[in-house]
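Heads up, the thing below is written out as structure tokens.
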Amino acid sequence: MVQEKEKNKIRLEWKFPVILIHTPFGLHFFDRVANTKAARVYAGFSIYLMPLITALGIFLIVTSLIVISSNPGARAGQRDLGPQANLLIPGLNPYLPWTYGWIALVITIIIHEAGHGIVARVHNIKVDSTGLLLILGLPLGAFVNIAPEELGRSTLKQKSAILTSGPLNNMILVALSLIGLYFIVSTLTPIPTNSAPQYGVVVLGVGDHTLAGSIGLSKGSIIETVAGQKIHNLEDLGKFLRSNLGKTVNITWKDKAGHQIIQFVTLPKHVEANQGILGISITNAAPDPALVLRLYKSAFNPLSNPVSHVALLFPPTIGAGVQSDPYSNLMAPKYQSSVLGSDFAPVANLLYWIMFVNFNVAIFNALPIGPFDGGQLYKSLIEKRLGKGEGEEEIRAKQDKVKNVSRLITGVMVAMVAITVFSPWLLRLLGLE
């Protein structure tokens, strides 16, 4: 009885720099929602979905590693941003906006933890406490403490449903955010302008020991012509370079200071179809608003080129790359929304960052790493596969084997993530570029 009264009180727990505000409201909410048919259906639906989210995460990590290893421009761009660009911490991450970032992070954690709490109560697993989580007084989201002994006694299916519900909640919010974002983008129309068309492509990054570096191209330069032909878009640059392979051509560009530079360069005789020639990453210098809008909307089409879908994950705040998103600071003034008028950008940006943060949190939590949701579930699967054993010595031996296999999987996964994050610096350190 005393424990029940304590459970229904608001209390503070301080462990510098974290402040936990334990409240009874979340517990009551979980119980009410868990008693609905929708919650029971959702709990059953979530049992088998963790491997799908895990597979997506591993696919993205491997793909990123391949791109970074084969593309000097991508490596240069990642080095410019720094390793902190991989952290979902507003203010520390160079492209995660402070306001949008914190709002998205708080929503993400609340949604994630609510999934665990509700599905736990569907299966009558005790939730010890829940409440708000603050770091140095700043709200970071929520927490849900599920009694570990009860979670340990639950069946594998129940445990799978509980652990999967967090990442799955995040992925559902990703889908809803994308739907909202597509709706807003679909209401946009370019504002007519009488300004003269500009041309050129902006250099976002230059790889080390590349053709671009040898002629003095640098980040922020605008490439205007190749062999006397004007560059109007990204496709023009690749087309003109490839049509002159093996020849010596002049390339004209403007540096950051606006000085025009002309250099002659001998292009290689042969380049693989999927390889760059200059070793740079680029974006359009003066994009056509209608073209940007059309390309961005095509990224939502499930039947379009898979590469085009990457535009949905490309932050609208990375250097000149803002030009790829119609709601970025650069492009937003060029559109009008039939629903929100000229005020569409804040709504679109908030939806984007909610999508972006939820997607990354879901993917990371589903990886088979130690204490995360995926790590806990796959450890339970290993225990199920190996069995508990009979007799004290056999049980201890099986437990040690489970720990060793789990640690091995965690170690491999952490190594993959670390190599992907630090490969631009590792390749340079090893002298491989």
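The values are calculated or read from the model by the stated rules, or taken from the named source; none is laboratory data. Fair warning: this is a prediction, and the values are worked out from it, not measured in the lab. Backbone-built Cβ (ideal geometry, glycine too); neighbour counts: all protein chains shown.
Scan the range 118-131 and give yes if some residue there is closer than 16 Å to Phe372 by Cα and either in contact with a Lys or Arg (Cβ under 8 Å, 6 or more places away or on another chain) or assigned to a helix (DSSP H, G or I) (or both), otherwise no.
Within the range 118-131, none of the residues are closer than 16 Å to Phe372 by Cα and either in contact with a Lys or Arg (Cβ under 8 Å, 6 or more places away or on another chain) or assigned to a helix (DSSP H, G or I) (or both).
If a residue must be exposed (fewer than 12 other Cβ atoms within 10 Å of the Cβ) and of a type in the set (Lys, Arg), how many such residues does the range 394-433 contain?
The qualifying residues number 1.
Restricting the first residue to the range 31-54 and requiring it to be in contact (Cβ under 8 Å) with a residue 12 or more places away in the chain and farther than 27 Å from Tyr378 by Cα, which pairs with a second residue that is of a type in the set (D, E, K, R) and assigned to a helix (DSSP H, G or I) meet a Cβ separation below 8 Å and a spacing of at least six or different chains?
Asp31/Arg121; Val33/Arg121
Say we look at the range 312-333 and pick out the residues that are part of a helix (DSSP H, G or I) and crowded, with 18+ Cβ neighbours inside 10 Å; which of these is modelled with the highest pLDDT?
Step by step, filter the range 312-333, then rank; the result is Ala332.
Residue-wise test of (1) touching a His at 6+ places or on another chain (Cβ under 8 Å); (2) modelled with pLDDT under 90; (3) more than 26 Å from Thr108 (Cβ to Cβ); (4) not hydroxyl-bearing (Ser, Thr, Tyr).
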site: Pro371; (1), (2), (3), (4): no, yes, no, yes
site: Gly374; (1), (2), (3), (4): no, no, no, yes
site: Tyr378; (1), (2), (3), (4): no, no, no, no
site: Glu394; (1), (2), (3), (4): no, yes, yes, yes
site: Lys398; (1), (2), (3), (4): no, yes, yes, yes
site: Ile409; (1), (2), (3), (4): no, no, no, yes
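Listed residues Leu163, Leu151, Leu96; which is buried (at least 19 other Cβ atoms within 10 Å of the Cβ) and touching an Asp or Glu at 6+ places or on another chain (Cβ under 6 Å)?
From the options Leu163, Leu151, Leu96, the qualifying one is Leu163.
Would you say Lys256 is more than 15 Å from Leu204 (Cα to Cα) and part of a loop (DSSP other than H, G, I, E, B)?
It is false that Lys256 is more than 15 Å from Leu204 (Cα to Cα) and part of a loop (DSSP other than H, G, I, E, B).
Do we have Phe30 as farther than 30 Å from Met416 by Cβ and surrounded by 13 or more Cβ atoms within 10 Å (Cβ to Cβ) here?
yes
For residues that are touching a helix residue (DSSP H, G or I) at 6+ places or on another chain (Cβ under 6 Å) and under 16 Å from Gly279 (Cα atoms), scanning just the range 207-236, find the one that is modelled with the highest pLDDT.
Here the answer is Val226.
For the range 353-364, give me each residue that is among the aromatic types (Phe, Trp, Tyr) and closer than 16 Å to Asn93 by Cα.
If the condition is that a residue be among the aromatic types (Phe, Trp, Tyr) and closer than 16 Å to Asn93 by Cα, then Trp353, Phe356 are the ones that fit.
So which residues in the range 184-222 are part of a helix (DSSP H, G or I) and either in contact with a Leu (Cβ under 9 Å, 6 or more places away or on another chain) or closer than 18 Å to Ile251 by Cα (or both)?
Result: Ile184, Val185, Leu211, Ala212, Gly213, Ser214, Ile215.
Take the conditions outside any helix (DSSP H, G or I) and either at pLDDT 90 or above or buried (at least 18 other Cβ atoms within 10 Å of the Cβ) (or both) and apply them to Ile363. Does it pass?
Considered against the rule, which asks whether it is outside any helix (DSSP H, G or I) and either at pLDDT 90 or above or buried (at least 18 other Cβ atoms within 10 Å of the Cβ) (or both), Ile363 comes out as no.
Just the residues that are among the aromatic types (Phe, Trp, Tyr) and more than 22 Å from Met50 (Cα to Cα), please, taken from the range 373-423.
Phe422
Would you pick out the residues in the range 226-253 that are assigned to a loop (DSSP other than H, G, I, E, B), within 17 Å of Thr210 (Cα to Cα) and among the hydroxyl-bearing types (Ser, Thr, Tyr)?
None; the set is empty.
Could you please give the count of residues in the range 59-78 that are buried (at least 16 other Cβ atoms within 10 Å of the Cβ) and part of a helix (DSSP H, G or I)?
Qualifying residue count for the region: 12.
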